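Take a look at the structure set out below.
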């Protein structure tokens, strides 16, 4: 039996595993192994690039900062690869029939 070596072994070939592998290559690593019984990204929807936002309710702005960084990375990748994953800033429209609907959304 031959031995195989890797600098990094990543368990899971979902969006997080693929993302980790991608950014590790940016750091110069080349021997990266993804281990998953499924094919890469088989449980991931491509529809996520059609509706995303940088507004997130909650205490502080930690989630907003994370979303802004993520959106920036996605936009960079879209430019670099000719937008193969169909990134689209369509946004959201919130509608309410309740008189206090606007207050609840703010």
Those residues of segment 57-95 that are surrounded by 11 or more Cβ atoms within 10 Å (Cβ to Cβ), at pLDDT below 85 and more than 19 Å from residue 16 (Cβ to Cβ) come to a total of 3
Kindly indicate whether any position in segment 35-50 is surrounded by 10 or more Cβ atoms within 10 Å (Cβ to Cβ), outside the structural domain of residue 10 (by TED's automatic domain parsing) and farther than 30 Å from residue 8 by Cα.
yes
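The values are calculated or read from the model by the stated rules, or taken from the named source; none is laboratory data. Keep in mind it's a predicted model, so treat the numbers as computed, not measured. In this analysis, Cβ positions are derived from the backbone assuming ideal geometry, glycine residues included, and neighbour counts consider all displayed protein chains.
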